Amino acid sequence: MLELVNLKKAFGSHVVLDDISLTVPTGEIVSILGPSGCGKTTLLNVILGLTELTSGKIIYDGVDLSSVPMKKRGFNIVFQDFALFPNLNAYDNIVYGLRNNKNASTPAEVNDLIDLLNLREHLSKRIDELSGGQKQRVAIARTLVMKPKVLLLDEPLSALDGLIKESIKERIKTIARQFNLTTIIVTHDPEEALSLSDRVLILNNGKVAQYAEPKTIIHAPESSFIKDFILKQLMIKRDNIFRLFDSTMPAVPAMSYMQTAAASA
Amino acid sequence: MQFLGRERPELKLSFLLCALFLALILAYPLFSILRLAFIGEQGFTLSYITDALTRDSFYTAFLNSFKVSALVALLATAIGFFAAYGLSFCAFKNKTRSLIEVVLLLPLFLPSITYGFAVIYSFGRQGLITRAIGQLPFSIYGFAGLVIAGVIYTLPPAFMIMQNSFAYVDRNFVTVSKVMGDGLLRQFYQTALRPTLGSLVSAFILAFFLNFTDFGIPTSIAGRYDVIATRLYATMMGAVPDFNNGSVIALSMLIPSIISVVILRRCSRLNFRYNKISKEPPAPNRLRDTCFGTFYALLSLLLIGVFAIIFIVPFVKSWPYQAYFTLDTIRRVFAENDIAGTYINSLGVAAASALCGTALCYLAGMVNARSKLPGWCKALMDIFAMVTNIVPGMVLGVGFLFAFSGTALANTFAILVLANVVHFFTTPYLMAQQAFSKMNAGFETTAALMGDTWFQTLRRVVIPNSFGTILQMFSYLFVNSMVTISAIVFLVGAYTQVTTSKIKELQYFEKFDAIFTLSVLIFITNVAVKLLIDGYGAYQRHRQNHSAK
């Protein structure tokens, strides 16, 4: 279980994260959602240990990690642009961490990972020969070899297109279930967040706007911000798709949300 | 080291190392010049300044330098512009293109002091070119010689700036201009001149600066025509050295450099770049292509005509009267003048300078582009790069002389290496910084999460992914250390002669066959090193591309 207690981060007088408290049960997927500049990447970096906290606590399984350095926390991250090492091929990227810690994973475990992520035929390829989805999978495999306690993913789908997005989504879910791995995902896309995760944390101006299961957010949004900026987007998407498939229009048209938004603004 | 914020200790150490080192070999020598220019026996004084400013010789030298450099810069920029324009707009074969480029860049591999002698031998009374086109109406010593050699010296950098600029000019605009009904002049202005105007100014300023501060050419060909570089040398190393006066002259050399930097910053705004460049080759145009073909042929003939002499003199009996092939001359030259020893010294100094310089610039680049050190640490590296760019080699040499004479460093190879490292700091530093800022920002964090120490990441990820740049940095530093004379001419001792300072010494004894032999050695070495490094880089890339399969 990962607990964040009254997290605060300020750069000088500029407060980026303000009093964030929440609990992530082990094995769950949590998405951090919000507009750009809301502090979601900072929160990810704070959990990872890359950015120092101003105040508050990060507790994992009862142990206070707030002042434990990044390398010793046992968390790991896949960056948005994957940060694969171009001088090494796909396989050497995957086993990079084993050079420093031979016992992180057994050869059999590495093999299973390769199969799970469907990378067998790409192992000897150079990084620039891989497609976006393949790069993503190599980066995830490289991280999983280290058996992190918490897996952090920074915008994992934004560099991918169309169908690959959906297949990577499924794979992230499979991994979280199979390894009972707590996974935290940063995204700016409501559809991605709500369809991928067990819980969604919506940030606005460095504060928690809502932290709940996707269904709760859809049916009981806690603020007009969530209605205006998150649900409205989904409604428009839904309407467009319904229209495309020529189905009957849904009961609540997006327009009504827009009108309330206009009224509240 | 709390004041350096939260960053790995290795990077903090790198910063402190770079900062202290550059303070010692850049700031301290410059400070020494200021001290000698402003501090007399009774403390602070302006008398050395006023004393220097009341001497006519100072004004004459300064003005002469100014005149020569302005004319050189004008000619070199114009030739460089048309050379680059032709390559960009004419329908030449790729082989022709590369050949033209190689010929235009050849002078880079020779010391500037050699150009002077080559010009004397080509344009002098018995020169190759004089014989071809007849007696020149002016003496080659002095103004005319300085201008000719200066243009040869500054043409390669001016050409490179213009060529780089034309790479961003879209030729499709010629078509646009034509269908809009522009006349030839307006078309030329719109599609070539205006887009490269900023670079044109940069090329002029750089050529001016290079020529103004060069020592090699005036020392070989100026004769009695006094310029600032020879004046500084004479004041410092003459029969009656006057260090206070020398320091004032050195400071005066900084004036054009500082103005250059200010103008260069301004004129970068003049440039504009088309963000999408069409790859379409230019359409053939018989008249235009023939005109430019002739222009390149003449230019190449002139350059090769000037440099050919360097490769002829060592291999004939006695130029120009007994001009038949023999190895006697070169044997005699080697036997008489300790050529081999000097050459080995030069190789050692160049290799050590390249090694130390690459390491220093690499670390400084890393501090600037790949660390979370406070902003002032990063800015400090940029400031060092800017200052080393402003300070001419001769001024640096004078500063080193003041700062380190009497210390254990004086008359050692180490002081030559240090001078080279700081003299050529800017370009390799910028190369490293650029490579680092292009590198994925997540490498260090990712590798650290995989259990790497800083050194492991450096060895396994950072260096392999910037290896091409490291080779280029090394090559730049090596070639420049081989051909430089301006800084080290003040610092070589009796046992630490290098090839360029030896050439200066041989000039005194009028041993031109030995001078040209050394020049040939420098040229061959530089070309070999360049080819070797480029070849090795290509091989590494090739291996990386194929080992994966």
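The values are calculated or read from the model by the stated rules, or taken from the named source; none is laboratory data. Note that the structure is a prediction, hence the values are computed from the model and not measured. All Cβ positions, even for glycine, are placed from backbone atoms using ideal geometry, and neighbour counts span all protein chains on display.
Of the helices (runs of 4 or more DSSP H) lying entirely inside the range B:151-232, those containing at least 2 residues that are over 27 Å from the mean Cα position of the chain (by Cα) are B:172-179, B:184-188.
In this structure, B:T196 qualifies as within 22 Å of B:A158 (Cα to Cα), polar (S, T, N, Q) and either touching a Lys or Arg at 6+ places or on another chain (Cβ under 8 Å) or surrounded by 22 or more Cβ atoms within 10 Å (Cβ to Cβ) (or both).
One line per residue, one yes/no per condition, for (1) farther than 22 Å from A:K173 by Cβ; (2) at pLDDT 90 or above:
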residue: A:N204; (1), (2): yes, yes
residue: A:Y211; (1), (2): no, yes
residue: A:T216; (1), (2): no, yes
residue: A:K237; (1), (2): no, no
residue: A:T248; (1), (2): yes, no
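Within the set of pairs 6+ apart or on separate chains, which have a first residue in the range B:429-443 that is closer than 22 Å to B:L355 by Cα and within 14 Å of another protein chain (Cβ to nearest Cβ), a second that is hydroxyl-bearing (S, T, Y) and not in a loop (DSSP other than H, G, I, E, B), and C-beta atoms under 7 Å apart? Close Cβ pairs (under 7 Å, with a partner that is hydroxyl-bearing (S, T, Y) and not in a loop (DSSP other than H, G, I, E, B)) amount to B:A435/B:S466; B:A435/B:T469.
What about A:I185, is it buried (at least 19 other Cβ atoms within 10 Å of the Cβ) and at pLDDT below 90? So that I can check it myself, show each step before the final result.
Numbers: buried (at least 19 other Cβ atoms within 10 Å of the Cβ): yes; at pLDDT below 90: no.
Judged against the criteria, A:I185 is not a match.
Quick one: in the range B:451-479, which of the residues that are more than 8 Å from every other protein chain (Cβ to nearest Cβ) and not in a helix (DSSP H, G or I) is modelled with the highest pLDDT? By that ranking, first place goes to B:I463.
Just a yes or no: is a residue in the range A:158-168 within 14 Å of chain B (Cβ to nearest Cβ) and modelled with pLDDT under 90?
Kept after step one, since they are within 14 Å of chain B (Cβ to nearest Cβ), are these residues of the range A:158-168: A:159.
Those still in the list that are modelled with pLDDT under 90 too: A:159.
Checked the range A:158-168: at least one residue is within 14 Å of chain B (Cβ to nearest Cβ) and modelled with pLDDT under 90.
Here are the criteria: (1) within 16 Å of A:A209 (Cα to Cα); (2) out of contact with any Pro (no Cβ under 8 Å at 6 or more places or on another chain). Tell me which single one A:L50 does not satisfy. For A:L50, the failing item is (1). Of all residues in the range A:155-182, those satisfying the criterion of being out of contact with any Gly (no Cβ under 9 Å at 6 or more places or on another chain), charged (D, E, K, R) and at negative phi are A:E166, A:K169, A:E170, A:R171, A:K173. Of all residues in the range A:118-147, those satisfying the criterion of being part of a loop (DSSP other than H, G, I, E, B), farther than 18 Å from B:F443 by Cβ, of a type outside the set (A, V, I, L, M, F, W, C) and within 11 Å of chain B (Cβ to nearest Cβ) are A:S124, A:K125.
Of B:N545, B:N480, all but one fail to be loosely packed, with under 15 Cβ neighbours inside 10 Å and at negative phi; the exception is B:N545. Just to verify a result, which residue in the range B:192-248, among those that are more than 30 Å from B:R269 (Cβ to Cβ) and basic (K, R), is modelled with the lowest pLDDT? Selected residue: B:R224. All conditions in (1) buried (at least 17 other Cβ atoms within 10 Å of the Cβ); (2) more than 30 Å from B:I100 (Cβ to Cβ); (3) in the same structural domain as B:R8 (by TED's automatic domain parsing) hold for B:A350, with the sole exception of (2).
Once the range B:382-440 is narrowed to residues that are assigned to a loop (DSSP other than H, G, I, E, B) and hydrophobic (A, V, I, L, M, F, W, C), the residue that is nearest to the chain's Cα centre (by Cα) is B:F424. In this structure, A:G34 does not qualify as within 14 Å of chain B (Cβ to nearest Cβ) and in contact (Cβ under 8 Å) with a residue 12 or more places away in the chain.
Residue check: A:R177 meets all listed conditions (1) surrounded by fewer than 15 Cβ atoms within 10 Å (Cβ to Cβ); (2) without any contact (Cβ under 8 Å) to a residue 60 or more places away in the chain but one, namely (2).
Among the residues of the range A:89-117, the one identified as at the interface with chain B (Cβ under 10 Å from one of its Cβ atoms), without any contact (Cβ under 8 Å) to a residue 24 or more places away in the chain and of a type in the set (S, T, N, Q) is A:N100.
When the test is whether a residue is within 29 Å of B:A144 (Cα to Cα) and in contact with a helix residue (DSSP H, G or I) (Cβ under 9 Å, 6 or more places away or on another chain), B:S165 does not pass it.
Quick grid of which residues meet (1) farther than 22 Å from B:H542 by Cβ; (2) of a type outside the set (A, V, I, L, M); (3) in contact with a helix residue (DSSP H, G or I) (Cβ under 8 Å, 6 or more places away or on another chain):
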{"site": "B:L449", "(1), (2), (3)": "yes, no, yes"}
{"site": "B:D452", "(1), (2), (3)": "yes, yes, yes"}
{"site": "B:R460", "(1), (2), (3)": "no, yes, yes"}
{"site": "B:I470", "(1), (2), (3)": "no, no, yes"}
{"site": "B:F474", "(1), (2), (3)": "no, yes, yes"}
{"site": "B:I485", "(1), (2), (3)": "yes, no, yes"}
{"site": "B:F490", "(1), (2), (3)": "yes, yes, yes"}
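Scan the range B:492-519 for residues that are among the β-branched types (V, I, T) and not in a helix (DSSP H, G or I) and jot them down. Spell out how you get there, then give the answer.
Going through the range B:492-519, the residues among the β-branched types (V, I, T) turn out to be B:492, B:496, B:498-500, B:503, B:515, B:517.
Within the range B:492-519, B:V492, B:T496, B:V498 meet the criteria.
Does B:Y296 satisfy being free of Cβ contacts under 8 Å to residues at least 40 places away in the same chain and either part of a helix (DSSP H, G or I) or surrounded by fewer than 12 Cβ atoms within 10 Å (Cβ to Cβ) (or both)? Against the criterion (free of Cβ contacts under 8 Å to residues at least 40 places away in the same chain and either part of a helix (DSSP H, G or I) or surrounded by fewer than 12 Cβ atoms within 10 Å (Cβ to Cβ) (or both)), B:Y296 does not qualify. Is it true that some residue in the range A:57-79 is within 11 Å of chain B (Cβ to nearest Cβ), over 19 Å from A:T174 (Cβ atoms), surrounded by fewer than 20 Cβ atoms within 10 Å (Cβ to Cβ) and of a type in the set (D, E)? Within the range A:57-79, not a single residue is within 11 Å of chain B (Cβ to nearest Cβ), over 19 Å from A:T174 (Cβ atoms), surrounded by fewer than 20 Cβ atoms within 10 Å (Cβ to Cβ) and of a type in the set (D, E).
Restricting to the range B:441-450, and then to whatever is in a helix (DSSP H, G or I) and in contact with a strand residue (DSSP E or B) (Cβ under 9 Å, 6 or more places away or on another chain), can you tell me which residue is surrounded by the most Cβ atoms within 10 Å (Cβ to Cβ)?
Let us first name the residues in the range B:441-450 that are in a helix (DSSP H, G or I), namely B:443-449.
Next cut, in contact with a strand residue (DSSP E or B) (Cβ under 9 Å, 6 or more places away or on another chain) only: B:445-446, B:449.
Values: B:T445: 19, B:T446: 27, B:L449: 25.
Step by step, filter the range B:441-450, then rank; the result is B:T446.
Which residue, of B:I503, B:I488, is over 30 Å from B:A432 (Cα atoms), crowded, with 24+ Cβ neighbours inside 10 Å and not assigned by TED's automatic domain parsing to the domain that holds B:P107? Spell out how you get there, then give the answer.
Details: B:I488 fails: over 30 Å from B:A432 (Cα atoms).
None of the others qualify; the one that does is B:I503.
Only residues that are modelled with pLDDT under 90, small (G, A, S) and part of a helix (DSSP H, G or I) were counted in the range B:249-269, giving 2.
Given the criteria away from every other protein chain (no Cβ under 13 Å), without any contact (Cβ under 8 Å) to a residue 60 or more places away in the chain and over 26 Å from B:D534 (Cα atoms), does B:A448 qualify? The answer is no for B:A448.
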